[in-house]
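Written out below as structure tokens is the structure these notes cover.
The values are calculated or read from the model by the stated rules, or taken from the named source; none is laboratory data. For clarity, every value in this text was computed on a predicted model and none was experimentally measured. Ideal geometry is used to build each Cβ from the backbone, glycine not excepted, and the neighbour counts take in all protein chains shown.
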Amino acid sequence: MSPANGAVYKPPLRPRRFLLFAIIASSVGLLAGVALMEVVFRILERRENSHSVYEGSGGLWMEDGRWGWKPSLGAFRSVTSEFDVTGNINSLYMNDVSTDPIEDERKTRVFVLGDSHTYAVGVSMQQTWPRLLEGGLNLAKGQNTFRVYNGGVTGFNIHQYLLRLIDQGPLIHPDYVVVGLSYATDLYDLLPPDRGGWIYGGDRPRDYFDFNAEGELTERHWTTNMTPRGGSSGASTTAAGVRQILEYSATFRRLRRSKLSLFVGSHLTIKGQSLWPNMDIVLEKEVGEEHRYQWRLFEALLSRMKDECDRQGAKLIVVGIPYLPQVYDDVWDSTFGRDPRYSRTAAAERVESYCKKLNIPYVDTLSAFQAKTKKVGHWLHFPKDAHPTAEGHEVIASAVMNAGLIHSKE
């Protein structure tokens, strides 16, 4: 029946139809907002990247059939929105000063191994903690007493540390070998290809170590025509695979260090692992079933490294280099801090116990990082890049110096 004024009567939407309309409208609005945000962040990222510069022939990844890769020779300059640094790759493929075997022969030689936290991304060559360590040792003991070689390479893991020690130790004749153990990735980027594969370096051919049928650690070689378990060596876990997909998003790259992103990444789990899987293995108090092989392999590699140092007549020292949740209260509180299964010192305590069993001195830098950042009131890592700043490298070098483990052979 029509109303008295002649208007056409429209029955009200049924509740279910109204709810469906509201859901669709909200979803479309959300997707449009996300798309707009992605466009905005891509524009901002493009503007920032337009100021990024890489000059020179040095420091670029070049193929190496044994190590997987190594930095190309020569000088370089790297500029981003966070840093402007220079370096030089010498004849030993190190971001270091030129070598002089005759001059170095009479010195106490320290061979440092590590990844990008040692190489090191974000600081100039003279600001890296190995160069600062050399300066501090010579200042304390007398000039030209020590020579510290920076054998860190971006993307390297403990397999490659051991390979480099085996290959270049006989050239350097080190009195000390110092491993800069990065808790950002060294316990995570550890699985060989048939157990999921590497995080860095993709399918580049390389040598590595794994257990044989008798449980003995043996050296092997990976080539691109081999098929790893799971069909790909690009990511060792499903969570890591999701992270790789998210890396294509400018929104993710822009907000990845925000408290909201850190909270979601540490609490959202995929097949039992968070979207910050490299921190799961570092922070868990009890070793999960999915990480037991990694810890077993790590201990075996550490033991092999100790044997190699003994064979070369060098003393092995392990230096723990902490990562964001371990150092900063705000990151810890917004990520793993409320979960009783995790501890900021879990991995460091476990590594130190392995070192003690193998008679390897361990240098903790976590407490020094925490004390310094509270004193200065700011991060000692770059907010976006997340590598240690020059102040962070000073903390590492000072901690190694203060440990009093390196002495002149004279």
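Does G58 satisfy being part of a loop (DSSP other than H, G, I, E, B), touching a strand residue (DSSP E or B) at 6+ places or on another chain (Cβ under 6 Å), at pLDDT 95 or above and assigned by TED's automatic domain parsing to the domain that holds K315?
Values: part of a loop (DSSP other than H, G, I, E, B): yes; touching a strand residue (DSSP E or B) at 6+ places or on another chain (Cβ under 6 Å): yes; at pLDDT 95 or above: yes; assigned by TED's automatic domain parsing to the domain that holds K315: yes.
When the stated conditions are applied, G58 passes them.
Do we find that E299 is in the same structural domain as A386 (by TED's automatic domain parsing), in a helix (DSSP H, G or I), under 27 Å from P388 (Cα atoms) and at pLDDT 85 or above in this structure? Spell out how you get there, then give the answer.
Working: in the same structural domain as A386 (by TED's automatic domain parsing): yes; in a helix (DSSP H, G or I): yes; under 27 Å from P388 (Cα atoms): yes; at pLDDT 85 or above: yes.
Here the answer is yes, as E299 does meet what is asked.
With respect to S353, is the statement that it is more than 15 Å from V282 (Cα to Cα), assigned by TED's automatic domain parsing to the domain that holds D175 and part of a helix (DSSP H, G or I) true? Talk me through it step by step, then tell me what you get.
Numbers: more than 15 Å from V282 (Cα to Cα): no; assigned by TED's automatic domain parsing to the domain that holds D175: yes; part of a helix (DSSP H, G or I): yes.
Spelling it out, it is not the case that S353 is more than 15 Å from V282 (Cα to Cα), assigned by TED's automatic domain parsing to the domain that holds D175 and part of a helix (DSSP H, G or I).
Of the numbered conditions (1) among the hydrophobic types (A, V, I, L, M, F, W, C); (2) under 24 Å from the mean Cα position of the chain (by Cα); (3) modelled with pLDDT of 95 or more, A120 satisfies every one except a single condition; which is it?
(3)
Considering each of D167, D186, D207, D175 in turn, give the residue that is under 12 Å from the mean Cα position of the chain (by Cα) and touching a residue at least 40 places away in the same chain (Cβ under 8 Å).
None of the other options fit; the residue is D186.
Can you name the number of the only condition in (1) buried (at least 23 other Cβ atoms within 10 Å of the Cβ); (2) out of contact with any Cys (no Cβ under 8 Å at 6 or more places or on another chain); (3) modelled with pLDDT of 95 or more; (4) closer than 21 Å to R304 by Cα that D175 fails?
Status for D175: all satisfied but (1).
Can you tell me which residue in segment 342-388 is modelled with the lowest pLDDT, limited to those that are among the aliphatic types (A, V, I, L, M) and more than 22 Å from R292 (Cα to Cα)? Walk me through how you get there before you give the answer.
At the first step, the residues of segment 342-388 found to be among the aliphatic types (A, V, I, L, M) are 346-348, 351, 358, 360, 363, 366, 368, 371, 376, 380, 386.
Right, trim to more than 22 Å from R292 (Cα to Cα) and you get 363, 366, 368, 371, 376, 380, 386.
Numbers: V363: 98, L366: 97, A368: 97, A371: 97, V376: 97, L380: 98, A386: 93.
Among them, the one singled out is A386.
Would you check which residues across segment 176-229 are part of a loop (DSSP other than H, G, I, E, B) and among the small types (G, A, S) and list them? Can you show your working first?
So in segment 176-229, the residues part of a loop (DSSP other than H, G, I, E, B) come out as 183-192, 196-205, 212-216, 223-229.
Matches in segment 176-229: A184, G196, G197, G201, G202, A213, G215.
Just one of the numbered conditions (1) out of contact with any helix residue (DSSP H, G or I) (no Cβ under 9 Å at 6 or more places or on another chain); (2) in a loop (DSSP other than H, G, I, E, B) is not true of K375; which one?
Exception for K375: condition (2).
Does L316 satisfy the condition of being among the hydrophobic types (A, V, I, L, M, F, W, C), touching a helix residue (DSSP H, G or I) at 6+ places or on another chain (Cβ under 8 Å) and part of a helix (DSSP H, G or I)? Lay out the reasoning, then the answer.
Values: among the hydrophobic types (A, V, I, L, M, F, W, C): yes; touching a helix residue (DSSP H, G or I) at 6+ places or on another chain (Cβ under 8 Å): yes; part of a helix (DSSP H, G or I): no.
The answer is no for L316.
Which residue out of L162, L139 is among the aliphatic types (A, V, I, L, M) and within 21 Å of the chain's Cα centre (by Cα)?
Working: L139 fails: within 21 Å of the chain's Cα centre (by Cα).
After ruling out the rest, the residue left standing is L162.
Which of the helices (runs of 4 or more DSSP H) contained wholly in segment 66-175 include at least 2 residues that are in contact with an Asp or Glu (Cβ under 8 Å, 6 or more places away or on another chain)?
On the way: elements: 101-104, 116-119, 129-141, 158-172.
Counting at least 2 such residues, we get 129-141, 158-172.
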